[in-house]
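Taken together, the values in this text are just the output of simple stated rules run on the coordinates, not laboratory data. Model, not experiment: these values are computed from the prediction.
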Amino acid sequence: MLPDVVGRDEFAALVIRTDYGEEAAWRALVEELIRPWGREGEYEADVHLVDDPAWADATPDEVLAAVGRDEELSVVFLADRVTMRSPHRALLALYAGSEDEEDDLDPEYYQELVENPPAREFRTAPAGVHDVHANLSIANLDFEDYAAAAGEDPEGVFRGF
């Protein structure tokens, strides 16, 4: 059983480390995540890092189950094996919204979702973490908007709009 994530400010992007094979890659990733962000670096980075070996090798489903009690969380980012071994250090963004949202949908729209389920994950460059988290938190953009942008990238990584 994975531990609870405690002490996260609702405005902080949640990044969970699940791979412990590359310490230097983790340190480099953290450096990128704590840099100011925005077009001209006008925003301070607000990130909650979970660096606890209890999360080692946790699957996306296990992580989502563990963080599911946080009703304010719309996205969680994993620093997994792919992240640590790729040159662009793209994190796995997982949709953490509630499945209960579908209960209130128009039946016709619900049928469309069943036939064409929305994206539940995509990769994002570290520089995109704050943009994704901030815009999903205020419902300015949808998870699918970011997943579609990532899908247009040759490497399948969201790098910004």
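Hey, what do the phi angles of the stretch 74-83 turn into as Karplus ³J(HN,Hα) couplings, whole Hz, using 6.51/-1.76/1.60 and θ = phi - 60°, x for Gly and Pro?
Going residue by residue, I get 10, 8, 10, 10, 10, 9, 9, 4, 4, 4 Hz, with x marking Gly and Pro.
Give me P(r) over the chain, computed from all C-alpha to C-alpha distances, binned every 5 Å, as integer percentages.
2, 9, 18, 21, 22, 15, 8, 4, 1, 0
Considering amide H positions built from the backbone, and no H for Pro or chain starts, which residues 5 or more places from residue 76, or on another chain, come under 5 Å of its amide H?
When sequence neighbours closer than 5 places are left aside, the close amide H contacts are 94, 96.
Residue by residue through the stretch 43-49, which ³J(HN,Hα) values in whole Hz follow from phi under the Karplus form 6.51 cos²θ - 1.76 cosθ + 1.60 (θ = phi - 60°), with glycine and proline marked x?
My calculation for the stretch 43-49 gives 10, 6, 6, 10, 9, 10, 9 Hz in order.
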